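Heads up, the thing below is written out as structure tokens.
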Amino acid sequence: MEISAKQVKELRDKTGAGMMDCKKALQSSGGDEQKALNWLREKGISKAQKRTDREASEGVIGSYVHMNGKIGVLVEINCETDFVAKSDKFQEFAKNVSMQIAATSPVCIGPEDLPAELVEQEKEVYANQARGEGKPEDVVEKIVQGRLKKYYKEVCLLEQPFIKDDSLRIQDLINELTAVLGEKMSIRRFVRMQVGEATE
């Protein structure tokens, strides 16, 4: 089918991807913009995976203080070069991640950062809940996995839906930015402080 220059430009403005990539994405998805976005996202993931062996030792400390001064966040986000760290897109990403942490209060960065015993406890609770609901044993494991995924979305920053667009996870944003900027990037650590909260 014929893809118009306007469609290509709109997709490019939304994704920052190259014109030819946008055209290919639209052609392969029959002109459906959402499918084209997914196509580019998948392409971004494959590009991101190729870069996982590179070292991300540059970056920025992103920060956000909620307007009432009661919640503050610092987050270290790494990339490969100082040039990319200073780019507007990278700086904006750091700000967005800081706001995400302030709003959602994640426990850790990714599922692998959760203690194994905590995950096992959660699985046991979900299994007992499912059995208590009278679910047959052969579907209990599926229910456990589904509820565990939901739990990850609540407590793991990378799995959380982005507060400005809940069709994207934070990991999806990293994959897209990696594809656009051409460098490996990662969220290394964060701290969230709230006035009056209990300390360890």
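The values are calculated or read from the model by the stated rules, or taken from the named source; none is laboratory data. Keep in mind that what you see is a predicted model, and the values were worked out from it rather than measured. Cβ coordinates were reconstructed from backbone atoms using ideal geometry, including for glycine residues, and neighbour counts include every protein chain displayed.
Looking at 161, 106 in this structure, which one is outside the structural domain of residue 17 (by TED's automatic domain parsing) and more than 26 Å from residue 43 (Cα to Cα)?
Working: 161 fails: more than 26 Å from residue 43 (Cα to Cα).
Only one candidate qualifies: 106.
Being in contact (Cβ under 8 Å) with a residue 60 or more places away in the chain and within 14 Å of the chain's Cα centre (by Cα) narrows it down to one of 71, 109, so name that one. Quick ask: steps written out before the conclusion?
Working: 71 fails: within 14 Å of the chain's Cα centre (by Cα).
Checking each option against the conditions leaves just 109.
What number of residues in region 143-165 are surrounded by fewer than 19 Cβ atoms within 10 Å (Cβ to Cβ), among the aliphatic types (A, V, I, L, M) and touching a residue at least 60 places away in the same chain (Cβ under 8 Å)?
1
Limited to region 161-186, what total is found for residues that are acidic (Asp, Glu) and assigned to a strand (DSSP E or B)? Walk me through how you get there before you give the answer.
Of region 161-186, the ones acidic (Asp, Glu) are 165-166, 172, 176, 183.
Filter once more, so that each one left must be assigned to a strand (DSSP E or B): 165-166.
Summing the residues that are acidic (Asp, Glu) and assigned to a strand (DSSP E or B) in region 161-186 gives 2.
Using the structure shown, decide if residue 100 is touching a residue at least 40 places away in the same chain (Cβ under 8 Å), in contact with a Ser or Thr (Cβ under 7 Å, 6 or more places away or on another chain) and closer than 30 Å to residue 65 by Cα. Steps first, please.
Details: touching a residue at least 40 places away in the same chain (Cβ under 8 Å): yes; in contact with a Ser or Thr (Cβ under 7 Å, 6 or more places away or on another chain): no; closer than 30 Å to residue 65 by Cα: yes.
When the stated conditions are applied, residue 100 does not pass them.
Of all residues in region 46-76, which are crowded, with 17+ Cβ neighbours inside 10 Å and either in contact with a Leu (Cβ under 6 Å, 6 or more places away or on another chain) or at pLDDT below 80 (or both)?
48, 56
What number goes with the only condition from (1) among the basic types (Lys, Arg); (2) under 30 Å from residue 67 (Cβ atoms); (3) in a helix (DSSP H, G or I) that residue 189 does not pass?
Going through the list (1) among the basic types (Lys, Arg); (2) under 30 Å from residue 67 (Cβ atoms); (3) in a helix (DSSP H, G or I), residue 189 breaks only (3).
The conditions are (1) modelled with pLDDT under 90; (2) over 15 Å from the mean Cα position of the chain (by Cα); (3) surrounded by 15 or more Cβ atoms within 10 Å (Cβ to Cβ), and residue 184 fails exactly one of them. Which is it?
Answer for residue 184: the failing condition is (2).
Do we have any residue at all in region 74-81 that's within 19 Å of residue 57 (Cα to Cα) and out of contact with any Lys or Arg (no Cβ under 8 Å at 6 or more places or on another chain)? It would help to see each step written out before you state the result.
At the first step, the residues of region 74-81 found to be within 19 Å of residue 57 (Cα to Cα) are 74-81.
Subsequent filtering for residues that are out of contact with any Lys or Arg (no Cβ under 8 Å at 6 or more places or on another chain) retains 74, 81.
Yes: region 74-81 contains one or more residues that are within 19 Å of residue 57 (Cα to Cα) and out of contact with any Lys or Arg (no Cβ under 8 Å at 6 or more places or on another chain).
Answer yes or no as to whether residue 92 is assigned to a helix (DSSP H, G or I) and either over 30 Å from residue 59 (Cα atoms) or not assigned by TED's automatic domain parsing to the domain that holds residue 185 (or both). Outline the logic, then answer.
Details: assigned to a helix (DSSP H, G or I): yes; either over 30 Å from residue 59 (Cα atoms) or not assigned by TED's automatic domain parsing to the domain that holds residue 185 (or both): no.
Taking the combined requirement at face value, the residue does not satisfy it.
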